[in-house]
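Please read the structure below before turning to the comments.
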Amino acid sequence: MHAHCLIVCNSKKEEKTMFYDNTLLFMINGLSGHSVWVDKVIMILSEYGPVVFSLYLISLWFSGNSTDELTENRKRALYAFFAAMLAMGMNQLISHIWYRNRPYLDQPVNRLLQGAQDASFPSDHAAGAFSIAGSLFGRTAGSNLLMAFAILVALSRVYVGLHYPSDILGGMTTGLVSSWLIERNKGLLDKPLTLLLATWTIIETKLHLPVPSLARTGQGGECSCDLCRSCYDCLVV
């Protein structure tokens with residue numbers, strides 16, 4: 001009898017959760033279809049939003065007014081990249097444990113984009129956006145705007161009919177947890193990052209790739225950072 005009551009209570013909780021989830025889905029997705037231009041802008045945001053995060057990481061990699069700032073920016077870019085990879089791995093694990101159909105398969109939504117035919121929960125777009133934005137938030141220039149952009153990208157996925165709001169919440173959670181885990185354990189990544197950055201410095205020098213002049217040279221015209229002094233002799237014969 002007690003077990004039966006638990007099953008009934010859990011069932012009611014799930015129904016209540018789905019009710020709120022569907023209500024928010026129809027509220028946000030219901031805004032689509034009224035303006036062609038608004039739909040097009042949000043479709044572009046939804047489909048190509050991840051490109052903005054990639055471009056931000058690339059620009060961060062090549063930015064810095066000093067050697068120390070350049071090195072720190074590159075480490076931050078790598079931390080954010082690793083956080084995104086961890087979030088994607090967590091999403092894959094969760095989606096295999098509990099598979100959820102896309103809303104357009106079960107609900108009468110306005111579907112503006114095709115999207116991938118994979119699990120709806122959790123949202124990969126939200127996970128990727130919040131893992132990068134969360135990793136960089138308050139630590140790099142423009143990171144506050146990047147977090148705001150992550151929110152817009154996440155909501156756009158509901159607007160175009162590809163995700164439930166709870167999918168976004170799930171993706172946001174895995175993204176932020178991933179960024180927290182990387183930040184918490186970044187000491188474990190210091191040695192491989194040092195080797196990776198030193199290797200890139202050598203490649204950069206050999207190929208004459210453009211980097212900020214203040215970051216590349218010290219007073220004597222040679223790289224003055226501790227990273228290069230400690231690793232260059234180990235990597236170059």
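The values are calculated or read from the model by the stated rules, or taken from the named source; none is laboratory data. If you're wondering where the values come from, they're calculated on a predicted model, not measured in any experiment. Counting neighbours? That spans all protein chains shown, and the Cβs are built from the backbone with ideal geometry, glycine included. These accessible areas exclude ligands, DNA and RNA; they are computed on the full protein's heavy atoms, side chains included. Shrake-Rupley method; radii C 1.70, N 1.55, O 1.52, S 1.80 Å.
Report every pair of residues separated by at least 6 positions or lying on different chains whose Cβ atoms are under 7 Å apart, first residue within the stretch 175-196 and free of Cβ contacts under 8 Å to residues at least 60 places away in the same chain, second part of a helix (DSSP H, G or I).
Note: pairs meeting the criteria are Leu176/Phe130; Leu176/Gly134; Thr194/Leu227; Thr194/Cys231; Leu195/Cys231.
Among the residues of the stretch 109-117, are any open to solvent by 20 Å² or more (accessible area, probe 1.4 Å), at pLDDT 95 or above, within 27 Å of Leu55 (Cα to Cα) and not aliphatic (A, V, I, L, M)?
Within the stretch 109-117, none of the residues are open to solvent by 20 Å² or more (accessible area, probe 1.4 Å), at pLDDT 95 or above, within 27 Å of Leu55 (Cα to Cα) and not aliphatic (A, V, I, L, M).
Of all residues in the stretch 92-108, how many are open to solvent by 50 Å² or more (accessible area, probe 1.4 Å) and in a helix (DSSP H, G or I)? Spell out how you get there, then give the answer.
Filtering the stretch 92-108 down to residues open to solvent by 50 Å² or more (accessible area, probe 1.4 Å) leaves 92-94, 96-99, 101, 105-106, 108.
Cutting the leftovers down to in a helix (DSSP H, G or I) gives us 92-94, 96-97, 105-106.
Within the stretch 92-108, residues that are open to solvent by 50 Å² or more (accessible area, probe 1.4 Å) and in a helix (DSSP H, G or I) number 7.
Which members of the stretch 31-43 meet the condition of being exposed (fewer than 13 other Cβ atoms within 10 Å of the Cβ) and farther than 13 Å from Arg111 by Cβ?
Step one: of the stretch 31-43, the residues exposed (fewer than 13 other Cβ atoms within 10 Å of the Cβ) are 33-37, 40-41.
The answer is His34, Ser35, Val36, Trp37, Lys40, Val41.
State which residue pairs qualify: first residue farther than 21 Å from Thr174 by Cβ and inside the stretch 110-124, second residue assigned to a loop (DSSP other than H, G, I, E, B) and β-branched (Val, Ile, Thr) in any location, beta carbons under 9 Å apart, and separation of 6 or more residues or different chains.
Qualifying pairs under 9 Å: Asn110/Val160; Arg111/Val160; Leu112/Val160; Leu113/Val160.
Inspect all residues belonging to the stretch 127-136 and state whether any of them is in a loop (DSSP other than H, G, I, E, B), crowded, with 18+ Cβ neighbours inside 10 Å, at pLDDT 95 or above and not polar (S, T, N, Q).
Residues of the stretch 127-136 that are in a loop (DSSP other than H, G, I, E, B), as a first pass: none.
Within the stretch 127-136, none of the residues are in a loop (DSSP other than H, G, I, E, B), crowded, with 18+ Cβ neighbours inside 10 Å, at pLDDT 95 or above and not polar (S, T, N, Q).
Do any helices (runs of 4 or more DSSP H) lying entirely in the stretch 141-235 carry at least 1 residues that are acidic (Asp, Glu), open to solvent by 70 Å² or more (accessible area, probe 1.4 Å) and at pLDDT below 85, and which ones are they? Quick ask: steps written out before the conclusion?
Details: elements: 143-159, 165-184, 190-207, 213-216, 226-235.
Of the helices (runs of 4 or more DSSP H) lying wholly inside the stretch 141-235, those with at least 1 residues that are acidic (Asp, Glu), open to solvent by 70 Å² or more (accessible area, probe 1.4 Å) and at pLDDT below 85 span 226-235.
Of the numbered conditions (1) more than 16 Å from the chain's Cα centre (by Cα); (2) part of a helix (DSSP H, G or I), Gly64 fails exactly one; give the number of that condition.
Exception for Gly64: condition (2).
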